[in-house]
Amino acid sequence: MCGIVGYIGTKQAAPIILDGLARLEYRGYDSAGMAIYDGEKINIRKSAGRLKILENLTRGGESMPGICGIGHTRWATHGAPSDVNAHPHFNTSGTIAVVHNGIIENYIQLRKKMTARGYQFLSETDTEVLAHLLDYYYKGNPLEAVAKVLHRVEGSYALGIMFADCPDQIFAARKDSPLIVGQNEDGCFIASDVPAILKYTRKVFYVDNQEVVRLRADHMHFYSVDEEETEKTPVMIDWDANAAEKAGYDHFMLKEMYEQPKTVSDTLTPRVKGKEIVIEELNMTEEEIKAIRKIHIVACGSAYHAGVTGKYVLEGLARIPVEVDLASEFRYRNPILEEGALVVVISQSGETADTLAALREAKAKGFKVLGIVNVVGSSIAREADNVMYTWAGPEIAVATTKAYSAQLIALYLLAMKFGKTRGKLSDKEFSCLLTDLRRLPDQIELLLNNKLKIQKFANRYIGAKDVFFIGRGIDYAISLEGSLKLKEISYIHSEAYAAGELKHGTISLIEEGTLVAAVSTQPDLYAKTISNMVEVKARGAFVLAVTCEENKEIEKAADYVIYVPETNPYFANSLAIIPLQLFGYYVAVGKGCDVDKPRNLAKSVTVE
Ligand code: F6R
């Protein structure tokens, strides 16, 4: 995700900010910029592309003199990665500069209001609205202006703000996006993560939700959003620099798994408006939604597995027939697309060669393509007719976790939107589904907190030769992803089977002690899956069951049970996948594998 660094003190600010931004590069970004007060005015330099460009543009910061400034690396969410969309953003007179991480959810309404008041917007970002709002509320008291703006905005933010009128101070504030401030004998710092400033200080303060900080060269003051001063205790950081990049986690994969409650919430919340699901990016009228006759989902790897889940959910909730294809197959099979077909491609990177080719194939046949994409401005995002972004932030570990979880949410939202519009879901059903959706982030958090139990269990399977995953319906889709997570990072052979299919051949591979993970989250299928568990157990398998809390019956057939909280069965994947991700991760860690960069794999598969 974006990175923020700010400094006010006795040293040159620009080199410190560039150095800090470089240490946040691991978070992923596509443009960078800085605002520095030079003694008379605020100067901004910014550019799309790597930080190196900004370094060259400013001669390593030397051409931007000043002891007070804010900097930013942007990972595009609203508007393409470009010079003009890069942060910082100015108010019209260039006297207030802002850098921002997060998403201002009500920016469209605010932008309309500010435009009506005569403010002109230069960028497509949600952030620019903050600069103009600050301008509107600033009447000589910067803290008051910041507080007023925070009362107006909805969504998430970590902010760095400078006022040319008050060059002896900078401001920081946050809600639901990470932000810290730190201090040493030379000055005070803002950063979105510890590694940015670890070289300068180990004394940091974690900024609380809806807290504002006023930083001066020699001290900091903390305020509530209602401008009341608060007391704060510093934390001394004892991580080494390497651990700091991963925010203290051993691997990016673990960090990203822990980011899933936020990822799910970020993809979900901005699209739930009161009792409705609003997917503006769909650009489809009610009539167009009603006219869909078939959906073709096309993707690769885990994104394909999300698509398999999507098939069950879309068919179940919206009653639209769905075909799911591997992109590498779709592109060469001369697919039959008929009137009323909607093609949906799913991709984290937005650069997967086969998925891109499938998109082009569908467009060449004259069909509209909806992309469910994570990386803004990527090839698939640019070429799709409409893009529904999964706001998961940059994913660094090769094995996807949080982007996959976000893809599931995007598919649930589509299914509910289509189901409601087509009259397949009553208001009551829709409202119950919405309640369950909203509970997912907390339920995922709960499952992540259970990691020790899974780690212990995983340690027993470090030496496993083969592992099988079985399930029916959505549980089969979960099994596909659980199996891939295990094999790609631990190098243990693993396969997923529709539970009823096992006895048509594969059951001959079951030996004494073979681990079979049975996923059973669909109440209508509990009994059927139990039968399959009994079959493999009778042939010597050790059966791990992942099931819902109510399904105590399963204990009769399983050797080990992991329970997941109750949710609507259509959303069960979002919960059941968490212990399976943790299982794959801990087996790989136990084997000493390079978890974040498994052999032979690339994060972005740009060749077919
Ligand atoms: C597995 C994994 C891959 C990707 C696949 C598609 O953990 O990450 O299977 O899901 O390569 O990549 P994207 O989503 O970038 O198109």
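Residue-wise test of (1) of a type outside the set (Phe, Trp, Tyr); (2) under 25 Å from Ala303 (Cα atoms); (3) away from the ligand (no atom under 16 Å from the Cβ); (4) at pLDDT below 95.
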{"position": "Leu440", "(1), (2), (3), (4)": "yes, yes, yes, no"}
{"position": "Gln443", "(1), (2), (3), (4)": "yes, yes, yes, no"}
{"position": "Ile470", "(1), (2), (3), (4)": "yes, yes, yes, no"}
{"position": "Gly473", "(1), (2), (3), (4)": "yes, yes, yes, no"}
{"position": "Ala477", "(1), (2), (3), (4)": "yes, yes, no, no"}
{"position": "Lys485", "(1), (2), (3), (4)": "yes, yes, no, no"}
{"position": "Ile507", "(1), (2), (3), (4)": "yes, no, yes, yes"}
| message | Please verify whether Asp266 is buried (at least 19 other Cβ atoms within 10 Å of the Cβ), touching a residue at least 24 places away in the same chain (Cβ under 8 Å), away from the ligand (no atom under 16 Å from the Cβ) and not aliphatic (A, V, I, L, M), treating the condition exactly as stated. | response | yes
| query | Among the candidates Ala341, Ala364, Ala318, which residue alone is without any contact (Cβ under 8 Å) to a residue 12 or more places away in the chain, outside the structural domain of Gly102 (by TED's automatic domain parsing), more than 10 Å from the ligand (Cβ to nearest atom) and among the small types (Gly, Ala, Ser)? | reply | Ala364
| message | Restricting to region 536-554, and then to whatever is charged (D, E, K, R) and over 35 Å from the mean Cα position of the chain (by Cα), can you tell me which residue is nearest to Asp475 (Cα to Cα)? | response | Glu553
| query | If you check Phe205, Phe121, which single one turns out to be surrounded by fewer than 24 Cβ atoms within 10 Å (Cβ to Cβ) and more than 21 Å from Phe222 (Cα to Cα)? | reply | Phe121
| task | Starting from region 453-468, keep only residues that are among the hydroxyl-bearing types (Ser, Thr, Tyr), then list their pairs with residues that are at pLDDT below 95 and part of a loop (DSSP other than H, G, I, E, B) whose Cβ atoms are within a distance under 8 Å, requiring at least 6 positions of separation or different chains. | result | none
| query | Say we look at region 369-382 and pick out the residues that are at pLDDT below 95 and closer than 22 Å to Val322 by Cβ; which of these is surrounded by the most Cβ atoms within 10 Å (Cβ to Cβ)? | reply | Asn374
| Among the candidates Lys246, Lys232, which residue alone is among the basic types (Lys, Arg), modelled with pLDDT under 95 and over 24 Å from Glu185 (Cβ atoms)? | Lys246
| said: With on the phi > 0 side of the Ramachandran plot and without any contact (Cβ under 8 Å) to a residue 40 or more places away in the chain as the only criterion, which of Gly49, Gly66, Gly60, Gly94 stands out? | reply: Gly49
| message | Kindly evaluate Tyr223 against the criterion of being more than 13 Å from Phe189 (Cα to Cα), touching a helix residue (DSSP H, G or I) at 6+ places or on another chain (Cβ under 8 Å), of a type in the set (Ser, Thr, Tyr) and in the same structural domain as Ala147 (by TED's automatic domain parsing). | response | yes
| field | Yes/no for Ile409 being under 20 Å from Gly102 (Cα atoms), at pLDDT 95 or above and more than 14 Å from the ligand (Cβ to nearest atom) | value | yes
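The values are calculated or read from the model by the stated rules, or taken from the named source; none is laboratory data. None of these values were measured; they are calculated from a predicted model. We place every Cβ from the backbone using ideal geometry, glycine too, and count neighbours over all the protein chains shown.
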